[in-house]
């Protein structure tokens, strides 16, 4: 067994975050058909992630498993496998008090880059408890909430994906680096409220999905009450899909890029009943007067 795997029972929980696997740059590709073994229970995935056929699922398709948060200490060590393999890299999602809520996992896939999953400690409706490859319900927590709580006045750098947080923290130590779960398609499923009253900068991956996600994140954090939301203008001539966990391109100045961050899209303002914004300014119309133009 690889000594970097997580199912070793002699390894303290605090060391789970120290496992680093030099991942291929390809990410979030839909994995092929797998066989999953989670806490000793076999699950056949008949197609893509999120379309599992669970032998313990109810006849009507209802999931009999409920996530338990925070995860009790006695649940560790983590016991999840993908195709019989233990994850090579993990990230602990913690709340503001440092209690573990779930574990993001990554498995190397020579053919497809990486396979990703999220592990939670769950209770079956029968009362049995076990590790499951199952995401937390929406709204999902940010990765790095415990660090946000420790540094309440520090500016925040949001990146796409947990593996980039360590790189961002090393490059920009004055910032608190955080990530959201689920990748570029899932910002709307996240609880952004921990960024209320914070100065936020988003660093996108160098692809269209990353840029689109960064604009969406900027909008969401402003709606939740962030003081500001800036987006780093990653040059299009950087390597495709480049991100902060990759080596910096030659002759690039990442600090200058961060300083060049510009405002993201502002949310549409809302007005009290009867008010609206026209070219000539804010006007009011009696909502009960149907004859007014």
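The values are calculated or read from the model by the stated rules, or taken from the named source; none is laboratory data. Being a predicted model, the structure only gives us computed values, none of them experimental. All Cβ positions, even for glycine, are placed from backbone atoms using ideal geometry, and neighbour counts span all protein chains on display.
Return the residues of the stretch 241-261 that are modelled with pLDDT of 95 or more, exposed (fewer than 10 other Cβ atoms within 10 Å of the Cβ) and not in a helix (DSSP H, G or I); say none if nothing qualifies.
Result: 247, single match.
I'd like the full set of residues that are more than 27 Å from residue 176 (Cβ to Cβ), in contact with a strand residue (DSSP E or B) (Cβ under 7 Å, 6 or more places away or on another chain) and assigned to a loop (DSSP other than H, G, I, E, B), limited to the stretch 75-110.
79, 83, 84
Considering only residues that are more than 11 Å from the chain's Cα centre (by Cα) and touching a residue at least 12 places away in the same chain (Cβ under 8 Å), look in the stretch 167-187 and name the one that is surrounded by the fewest Cβ atoms within 10 Å (Cβ to Cβ).
Start the filter on the stretch 167-187 by keeping residues that are more than 11 Å from the chain's Cα centre (by Cα), which leaves 167-177.
Filter once more, keeping what is touching a residue at least 12 places away in the same chain (Cβ under 8 Å): 167-168, 171-172, 174-177.
Numbers: 167: 16, 168: 24, 171: 17, 172: 18, 174: 9, 175: 20, 176: 25, 177: 25.
Step by step, filter the stretch 167-187, then rank; the result is 174.
Considering only residues of the stretch 111-121 that are assigned to a strand (DSSP E or B) and farther than 28 Å from residue 194 by Cβ, which is farthest from the chain's Cα centre (by Cα)?
Initial filter on the stretch 111-121 (assigned to a strand (DSSP E or B)): 113-121.
If we keep only those that are farther than 28 Å from residue 194 by Cβ as well, we get 113, 115.
Numbers: 113: 19, 115: 15 Å.
If we take residues in the stretch 111-121 being assigned to a strand (DSSP E or B) and farther than 28 Å from residue 194 by Cβ, then 113 is farthest from the chain's Cα centre (by Cα).
Of the conditions (1) modelled with pLDDT under 95; (2) surrounded by 14 or more Cβ atoms within 10 Å (Cβ to Cβ), residue 270 satisfies every one except a single condition; which number is it?
(2)
Are any residues in the stretch 46-74 modelled with pLDDT of 90 or more, part of a loop (DSSP other than H, G, I, E, B) and under 19 Å from residue 162 (Cβ atoms), and if so, which ones? Let's see the steps before the verdict.
Taking the stretch 46-74 first, the residues modelled with pLDDT of 90 or more are 63-74.
Next cut, part of a loop (DSSP other than H, G, I, E, B) only: 63-64, 68-72.
Matches in the stretch 46-74: 69, 70, 71.
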